[in-house]
Amino acid sequence: MTKKKGSMMTTRTVCPLLTAAGSKVVVVVCAVVLTLAILLFHSDELKLIQSSNFTYQFRNNGFGDSHGFQPPPKIAFLFLTRKKLPLDFVWANFFKNGDQAKFSIYIHSKPGFVFDKSTTKSCFFYNRQLNNSIQVLWGESSMIEAERLLFGAALDDPANQRFVLLSDSCIPLHNFSSTYSYLMSSPKSFVDSFLNVNEGRYNPEMLPIISQEKWRKGSQWITLVRKHAEVVVNDAIIFPVFKKLCKKQEVDKIVIQKEKYHPNCIPDEHYLQTLLSIRGLENELERRTLTYSTWNSSIPKGDKRSWHPVTFHHPDATPLRMKEIKEINHIDFETEHRTEWCRVNSTYTSCFLFARKFTPGAALRILKND
């Protein structure tokens, strides 16, 4: 029955009384509708599961994350500096020839230091410093704490899928396009990691959390996929042990403390490698660094000069020397009696994308030669 009131129409429907036969029909219809609804629900659920499986597989290949990020991915360049970036002009040349949608920059510097037009020659670095930076001392746990801060800041951007840790004396060896292709072609992290049994740096007091079997050493200059960067930032177990028991000792104190075992331990040479070893992730690594450095083996181990790699000055950065570095295709690991032939997936390639330690004069010579 329909009533008319002004310009509004209202309709009231009266349901007829159901007979016994009609009731049976309704029951059958309801059952059919319910069955169809269940099938439809499970169909949508299957699609959701398939979608989740795809995301998981995507993440296993080093891409994607919990934010549902879609490609193209970015490389996060993480600079660990004392204050300024003395080689900013080299990196400016590198970045200006790259796609700005494919990289991001983060800098851990001295607390309170700001990168602006008065402190850097390149606008790429303006305001890229962390606001929560800490005072860092070489050979102390503050070094790995600063690294964790850099990884944490970069993880805030879901587009960042590769994380490259660099020092203020690092230079790129190739252009941006080649570097990007190299890193994105591999689903693995590049972490120099090897057994360390002869130097006596392992402290038995680390047991049971860190066993000597899982103890590793390697270069601090690493490149991580997102999954491994998250492992580093989320670690609340291994880092406190390092902070307490892995400490640098002065040479004279090592001699004095021989009676009480207290090894000379450099945290940044062991932490990340040992963490990934304990987490069972070594099969997800290319166990080599992408950053070239060379050491003067003629200097006695007790000499502090042996603690740091050779510095390249202007006369050292010849075109021939740089060509030789770029063409290195294998690395020898003496403690494990193995040779690592450098490759990305199954393709053999050159080993290094970056190099250190370079002075501004050496870097300027390289730019001019290029």
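No value in this document is a laboratory result; all are computed from the given coordinates. As the structure is a computational prediction, the values presented were derived from the model and not from experiment. Ideal geometry is used to build each Cβ from the backbone, glycine not excepted, and the neighbour counts take in all protein chains shown.
A few points about this structure:
- FRET efficiency, residue 279 to residue 368 (Cβ-Cβ, R0 30 Å, nearest 0.05): 0.10
- Total charge dipole magnitude, the stretch 83-201, about the Cα centre, Cβ charges on Lys, Arg, Asp, Glu only, Debye to nearest 20: 300 debye
- Computed E for residue 96/residue 326 - FRET, C-beta separation, R0 25 angstrom, nearest 0.05: 0.75
- Entries in 84/121; 84/110; 110/247; 188/248 that, when Cα-Cα distance is taken, lie over 19 Å: 110/247; 188/248
- Inter-site label distance for residue 135 and residue 318 at 7 Å from Cα along Cβ, in nm: 4.4 nm
- With a Förster radius of 45 Å applied to the beta-carbon distance between residue 205 and residue 157, the computed FRET efficiency rounds to 0.70.
- Near residue 365: Cβ cut-off under 11 Å, other residues only, Lys/Arg at +1 and Asp/Glu at -1. The net charge is 0.
- Each of residue 249 and residue 127 was given a label point 7 Å from its Cα along the Cα-to-Cβ line. The distance between the two points is 4.8 nm.
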